[in-house]
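Just below is one structure, and these are the notes that go with it.
The values are calculated or read from the model by the stated rules, or taken from the named source; none is laboratory data. All values reported here derive from a predicted model rather than from experimental measurement. All Cβ positions, glycine included, derive from the backbone under ideal geometry; neighbour counts span all protein chains shown. All accessible areas refer to the heavy atoms of the entire protein, side chains included, with ligands and DNA or RNA removed. Shrake-Rupley method; radii C 1.70, N 1.55, O 1.52, S 1.80 Å.
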Amino acid sequence: KLSNDKKITITDKVSNETLENHYLSADIFALFPEYEAFGLVFLEALSYHLPVLSHRVGALEEVLQDGCVLTKSYDINQAVTKLEHLVNSNLFRETVAERGYQYVNQTFSWKKTAAQFYLQYEKILKP
């Protein structure tokens, strides 16, 4: 259920503890960077069971394959429309959040990452 206070929090740099508190108290994670090389902060938000809203810039379209709502790059009107939909539709918001949570835990788990590194090292070290 979306919080009744419906406030938006915009931050600058924060401590790890404060960041975790923001994630835990949030209903939606929305960020529209000018450019994004990988998108770790978005994956972090997904791991807190938050639906993510952003736009198609840099590597985001490749990295954020599920559990996210991506708009056209720099399209403010589409971003507002998608944000309103996330705010006003509990089912949509919860579905996006769940899909994102599953996606990030299945795709970016430590176990899977370690296995992929192991395979790459094996390829490199084989004569």
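Quick test for you: out of N77, N105, pick the one residue that is over 18 Å from D27 (Cα atoms), in contact (Cβ under 8 Å) with a residue 40 or more places away in the chain and part of a helix (DSSP H, G or I).
When all the criteria are applied, what remains is N105.
Any idea how many residues of the stretch 26-47 are surrounded by 12 or more Cβ atoms within 10 Å (Cβ to Cβ) and in a helix (DSSP H, G or I)? Number of matching residues: 7. Return yes or no: is L86 closer than 18 Å to I8 by Cα, in a helix (DSSP H, G or I) and open to solvent by less than 70 Å² (accessible area, probe 1.4 Å)? Yes.
One line per residue, one yes/no per condition, for (1) farther than 21 Å from T107 by Cα; (2) β-branched (V, I, T):
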{"residue": "F38", "(1), (2)": "no, no"}
{"residue": "L46", "(1), (2)": "no, no"}
{"residue": "V52", "(1), (2)": "no, yes"}
{"residue": "G58", "(1), (2)": "no, no"}
{"residue": "E62", "(1), (2)": "no, no"}
{"residue": "S73", "(1), (2)": "yes, no"}
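Determine, yes or no, whether R93 is among the basic types (K, R), open to solvent by less than 70 Å² (accessible area, probe 1.4 Å) and modelled with pLDDT of 90 or more. Judged against the criteria, R93 is a match. Of all the listed residues (T11, T18), the sole one being part of a helix (DSSP H, G or I), farther than 15 Å from G100 by Cα and among the polar types (S, T, N, Q) is T18.
Of everything listed in (1) open to solvent by 10 Å² or more (accessible area, probe 1.4 Å); (2) within 9 Å of the chain's Cα centre (by Cα), the single unmet condition for Q65 is (2).
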